[in-house]
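Data block below; observations after.
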Amino acid sequence: MTAKQKNLMDVISALAKRRGFVRPTSEIYGGIGSSYDYGPLGIEMKRKLADLWWKQMVRKHENIVGIDSAIIYNPRTWVASGHVEGFVDPLVDCRQCKARFKADDLVEHAKRAKGVDDPPLTPDGSTLDPDHPSYGQLSCPTCGTRGSLTKPRSFNLMFKTHVGPVAEDAAAVYLRPETAQGIYQDYPQVVNTSRLKLPFGIAQIGKAFRNEITPGNFIFRTREFEQMEMQYFIRPGEDEKWLEFWKEERMAFWRDVVSIREENLRFHKHGSDELAHYAKEAWDIEYNFPFGWAEFEGIHNRTNYDLTRHIEYSGKEKDLQYFDDQTRERFIPYIVETSAGLNRGLLAILLDAYAEDDLGGETRVVLRLDPKIAPITAAVFPLTKKDGLPEIAREITEDLKRNFNVFYDEAGNIGRRYRRQDEAGTPFCFTVDYQTKEDGTVTIRDRDTLEQPDRPKIEELPRILFDRLSL
Ligand code: GAP
């Protein structure tokens, strides 16, 4: 059976576990739902994706700088940002079997409910209406008990904890559900220290936490994840222009820098019912996941919503305004945000790269990863374990390791060594053979074409790799 027939998600998560990309955490205690550890190959790839993003967003733009803010902020931050009030999912419980549902997931169930002629929905049909006369006639989708569903209750997705030894409300804090707010709070200092002028951007990569009701689909939706966010500060009225600009830039990153196939990428514009509480307009970059098209990056027009709210809650009006020293004007900048999921991006790349080739009866599993993102850039093999070949191969490995992640392997026949690297997505394999001893050349085998086009000299190898890794 090929991967097309099986569920590609299962195939990828099994490969990820087997080869040390990603595996469930705490397995000795039976795991804990939807928490994952990144193994040796996974962390290499995750770091490379984060580095490419950083190079593309921060290093390439003179007017974009980075920060790394704390995860626990003053809790007033989240009152101001609107997350305490607005970052909620309405949930419905079954009193009988204790199953819990997102109210939104019950809309279709309500439409199809047997014996309910007039479904308990709001007039536009988009959400449940608990005050509707037929609400009490709904049955639980899990146990089927009629009239057992509670009214929807708001559940805040932020993780709450306490600082210090006393678990009292006054000491309550939240783990940040997005990295953006750290940037908004720090922005006046960053402007001063980096002498930034509009338009400018502030970027950060870091962990975010959400107590998701329905985590799942491997690393697609987890309660702990990493975001790569950039907040672009602009003049009021320029938001539409910059939203368009950053949409195209971000799509180009996934398509041209990390080489996700274009046919598996698309934009989705948020309808008014999907918009987050802070957004005036929002676009998702979606990938064609095995379970359907879904977002892995959002580009949002946040207007001056966040800064206005922070001014209101902190009272620091002057500090949080931008001062234009040319026009002598003081105003609140607008913000266009690009917000990508590092883990979701990684999942999209892995899925996109997976292939099974038929090599005349034998199936080869290969990850066709862009060399810039492949965890191992090159493998070095001695053809045999004798006659001085391992020594030469080790020397090449040591030299290349100064700049690249290179793997030395002398175990098993050469065909098996190639297969192991194919599964890890290693784009190049260099083999040291008897000719190497005569003329200082090695074979170079291309993962995708399986060809060994020419024999480069050992000294040429760093340049060959550098050429394939530069942006
Ligand atoms: N600051 C804006 C913001 O956080 P978002 O659309 O809620 O926007 C941005 O999240 C990105 O973060 C998503 O596109 C996704 O890639 C990632 N993300 C959000 N929740 C996630 C979760 N539970 N698990 C993994 N990634 C998640």
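Screening the range 282-294 for residues that are touching a residue at least 40 places away in the same chain (Cβ under 8 Å) and more than 15 Å from the chain's Cα centre (by Cα) and picking the one that is farthest from H83 (Cα to Cα) gives P290. Of the residues examined, K111 is one that is surrounded by fewer than 16 Cβ atoms within 10 Å (Cβ to Cβ) and basic (K, R). Residues of the range 295-334 that are open to solvent by 40 Å² or more (accessible area, probe 1.4 Å) and more than 23 Å from P75 (Cβ to Cβ): E295, K318, F323, D325, Q326, T327, R328, E329, R330, Y334. Within the range 257-277, the set of residues being of a type in the set (A, V, I, L, M, F, W, C) and free of Cβ contacts under 8 Å to residues at least 12 places away in the same chain comprises just one member, L275. Looking only at the range 258-268, decide whether some residue is under 18 Å from S470 (Cα atoms) and among the small types (G, A, S). The answer is yes, given that some residue of the range 258-268 is under 18 Å from S470 (Cα atoms) and among the small types (G, A, S). Please determine whether any residue of the range 123-131 is of a type outside the set (D, E), surrounded by 14 or more Cβ atoms within 10 Å (Cβ to Cβ) and over 34 Å from the mean Cα position of the chain (by Cα). Looking through the range 123-131, at least one residue is of a type outside the set (D, E), surrounded by 14 or more Cβ atoms within 10 Å (Cβ to Cβ) and over 34 Å from the mean Cα position of the chain (by Cα).
Exactly one residue out of G42, G33 is touching a Phe, Trp or Tyr at 6+ places or on another chain (Cβ under 8 Å) and either in a helix (DSSP H, G or I) or not assigned by TED's automatic domain parsing to the domain that holds L342 (or both), and it is G42. For the range 276-294, a residue qualifies if it is more than 12 Å from the ligand (Cβ to nearest atom) and either more than 17 Å from F233 (Cα to Cα) or assigned to a loop (DSSP other than H, G, I, E, B) (or both), and the qualifying residues are K280, N288, P290, F291, G292, W293.
Within the range 165-205, restricting attention to residues that are surrounded by 18 or more Cβ atoms within 10 Å (Cβ to Cβ) and among the hydroxyl-bearing types (S, T, Y), the residue that is nearest to Q326 (Cα to Cα) is Y187. Every condition in (1) touching a helix residue (DSSP H, G or I) at 6+ places or on another chain (Cβ under 7 Å); (2) touching a residue at least 24 places away in the same chain (Cβ under 8 Å) is met by T441 except one, and the failing one is (2). Under 30 Å from Q204 (Cα atoms), touching a helix residue (DSSP H, G or I) at 6+ places or on another chain (Cβ under 8 Å) and within 16 Å of the ligand (Cβ to nearest atom): is that true of G345 in this structure? Criteria met by G345.
With respect to the conditions (1) in contact with a Pro (Cβ under 7 Å, 6 or more places away or on another chain); (2) closer than 30 Å to V336 by Cβ, P188 falls short on a single one, namely (1). Screening the range 405-457 for strands (runs of 3 or more DSSP E) wholly inside it with 1 or more residues that are closer than 27 Å to I43 by Cα and modelled with pLDDT under 95 returns the ranges 443-446. Does A348 qualify as being farther than 22 Å from R235 by Cα and buried (at least 19 other Cβ atoms within 10 Å of the Cβ)? Against the criterion (farther than 22 Å from R235 by Cα and buried (at least 19 other Cβ atoms within 10 Å of the Cβ)), A348 qualifies.
Residue-by-condition table, conditions (1) touching a Leu at 6+ places or on another chain (Cβ under 7 Å); (2) open to solvent by less than 50 Å² (accessible area, probe 1.4 Å); (3) on the phi < 0 side of the Ramachandran plot:
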residue	(1), (2), (3)
A379	no, yes, yes
Y408	no, yes, yes
T431	yes, yes, yes
E438	no, no, yes
D454	no, no, yes
F466	no, no, yes
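Of the residues screened, T193 is not one that is hydroxyl-bearing (S, T, Y) and within 30 Å of A16 (Cβ to Cβ).
Each residue in the range 101-126 was checked for being closer than 12 Å to P90 by Cβ and in contact with a strand residue (DSSP E or B) (Cβ under 7 Å, 6 or more places away or on another chain), and 5 of them qualify. The residues listed here are W53, W78; of these, the one that is open to solvent by less than 60 Å² (accessible area, probe 1.4 Å) and either on the phi > 0 side of the Ramachandran plot or more than 21 Å from the chain's Cα centre (by Cα) (or both) is W78.
Contact annotation: residue pairs with Cβ atoms under 8 Å, 6 or more positions apart or on different chains, pairing a residue in the range 295-319 that is assigned by TED's automatic domain parsing to the domain that holds M251 and over 17 Å from E238 (Cβ atoms) with a partner that is open to solvent by 60 Å² or more (accessible area, probe 1.4 Å) and within 15 Å of the ligand (Cβ to nearest atom), are H310/Q185.
The values are calculated or read from the model by the stated rules, or taken from the named source; none is laboratory data. Computed from a predicted structure; not experimentally measured. Cβ: placed from backbone, ideal geometry, glycine included. Neighbour counts: every protein chain shown. For the accessible areas, the whole protein counts, side chains as well, though only heavy atoms, and no ligand, DNA or RNA atoms are used. Shrake-Rupley method; radii C 1.70, N 1.55, O 1.52, S 1.80 Å.
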